[in-house]
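Here's the structure we're looking at; comments come further down.
Here, each number is a calculation from the coordinates, and none is a lab measurement. From a predicted model like this one, the values you see are computed outputs, not experimental measurements. In this analysis, Cβ positions are derived from the backbone assuming ideal geometry, glycine residues included, and neighbour counts consider all displayed protein chains.
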Amino acid sequence: MMRLDKFISERTEYTRTQIRQLCAKGSVSVNGAVVKKSDTKINEDSDTVNVCGRELSASRFSYILLNKPKGYVSSTNDNDGESVLKLVPDDMRTKGMFPAGRLDKDSTGALLITDDGELAHRICSPNSHISKVYIAELSRPFEQEYVEKFAKGIVLANGEACSPCKVKKSEKSDKLAFIELHEGMYHQVKRMFAAVGNHVENLKRISLGGFLLPENLASGKCMCLLPKDIKQMFTPIDFDVLLTIKDDFFSAN
Ligand code: URA
């Protein structure tokens with residue numbers, strides 16, 4: 001059992017005072033019945049709590065996938081530009097949400113936003129072996145020798161060594177390439193292609209582990225992820241298989 005105000009506070013942006021006021025106004029219901037006292041005890045596993053018409057998730061944490069557009073920064077404040085958090089609709093927001101992992105301001109695609117620090121750490125940690133697949137639009141044609149160079153491990157201009165990874169030309173264009181990373185160095189994809197004498201014009205992340213960016217999630221839009229989606233992130237997917245699914249659907253923008 002748990003106090004209603006604690007349950008709501010953990011799943012929304014409301015403060016305890018606001019929750020008390022919302023309850024007093026009759027804007028909160030538990031299993032369909034209005035509850036006016038915010039210290040009422042509820043069963044957090046089985047009760048259905050509704051605040052201002054929005055049903056709250058039983059899960060303690062929120063997991064949101066944003067199809068990030070260009071022009072937003074993957075940080076919680078606006079110091080370097082507009083934060084991706086601005087794109088999260090009010091009814092999906094919770095306290096303490098942050099982007100799990102970075103996409104550059106001019107990169108697009110799959111970005112997880114969550115308030116679950118432990119999961120974010122597991123997704124971002126190289127030790128968890130969650131791969132991320134990107135599609136890069138190059139300024140010069142893809143060269144077949146990249147495959148071997150990337151497989152051996154690219155050394156960046158500053159001497160940093162990248163782990164071996166897979167790269168492949170798209171069937172659609174010789175200036176589109178797919179790349180799978182298991183780590184996340186600063187500007188890594190751009191710097192890897194720079195190291196082989198090419199240049200990334202556009203970059204889009206199309207998968208987080210085995211979870212693919214859904215084709216119907218428009219740029220700038222968010223969706224709530226379910227436990228099965230999170231599980232899918234931890235389910236490895238073969239790079240070559242993924243590309244047979246995705247090559248038809250994605251452009252870099
Ligand atoms: N690599 C980059 O260069 N930029 C990103 O946004 C992600 C990976």
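Extents of the range 98-240, taken as max minus min of Cα coordinates on every principal axis and listed largest first, are 40, 31, 28 Å. My understanding is that a pair violates if its Cα-Cα distance is over 32 Å; which of Lys36/Lys95; Lys41/Lys68; Lys70/Lys166; Lys95/Lys166 do that in this structure? Lys41/Lys68; Lys95/Lys166, as the Cα separations exceed 32 Å there.
Let's test the formula: R0 of 30 Å, r as the Cβ-Cβ distance of Gln144 and His187. What FRET efficiency results, to the nearest 0.05?
Working: r = 24 Å, r/R0 = 0.81.
The computed FRET efficiency comes out at 0.80.
Expressed in Å, the radius of gyration and Dmax of the Cα atoms of the range 135-198 are 10.8, 33. If R0 equals 45 Å, the separation of the Cβ atoms of Val34 and Leu217 corresponds to a calculated FRET efficiency of about 0.80. Along each principal axis, taking the top coordinate minus the bottom one, the Cα set of the chain gives 68, 36, 30 Å in descending order.
Mean 1/r over all different Cα pairs, inverted: what Kirkwood radius does the range 160-250 give, in Å? Mind dumping the intermediate values first?
On the way: mean 1/r = 0.0680 Å⁻¹.
This gives a value of 14.7 Å.
Counting only Cα atoms, the range 1-83 measures 44, 24, 20 Å along its principal axes, largest extent leading. So which residue, out of Arg11, Arg122, Arg54, gets the largest mean-square fluctuation from a GNM of the chain using Cα contacts under 10 Å as springs? The residue with the greatest mean-square fluctuation here is Arg54. A crude spin-label estimate for the pair Ser128 and Ser163, with each label 7 Å from Cα along the Cβ direction, gives 1.3 nm. How large is log10 I(q)/I(0) at q = 0.21, 0.25, 0.28 Å⁻¹ when the Debye formula is applied to the Cα atoms of the range 77-150, each weighted equally and without solvent? So the normalised log intensities work out to -1.07, -1.28, -1.39.
Given only helices, namely DSSP H runs of n ≥ 4 each adding -39500 (n - 2.57), what is the per-residue ellipticity at 222 nm of the chain, to the nearest 500 deg cm²/dmol? All intermediate terms of the calculation are to be shown ahead of the outcome.
Numbers: 7 runs with 57 residues, N = 253.
Calculated from helices alone, the mean residue ellipticity at 222 nm is -6000 deg cm²/dmol.
Using the Cβ of Ala157 as centre and a radius below 13 Å, the other residues enclosed give a net charge of +1, where K and R count +1 and D and E count -1.
For the range 36-88, just run the numbers: alpha carbon Rg, then divide by 2.2 N^0.38 Å, N being how many residues it has.
Details: Rg = 16.5 Å, N = 53, 2.2 N^0.38 = 9.9 Å.
Taking N as the residue count of the range 36-88, the ratio is 1.66.
How fast does the range 39-165 diffuse by Stokes-Einstein, in µm²/s, taking the Kirkwood radius from C-alpha pairs at 10 °C and 1.306 mPa s?
Numbers: Rh = 17.8 Å.
Using the Kirkwood radius from Cα pairs, D works out to 89 µm²/s.
Evaluate the relative contact order of the chain (contact order divided by residue number), counting alpha-carbon pairs under 8 angstrom at least 6 apart; express in whole percent. The partial results should precede the final answer.
Working: 486 pairs, mean separation 46.3, N = 253.
Once normalised by length, the contact order is 18 percent.
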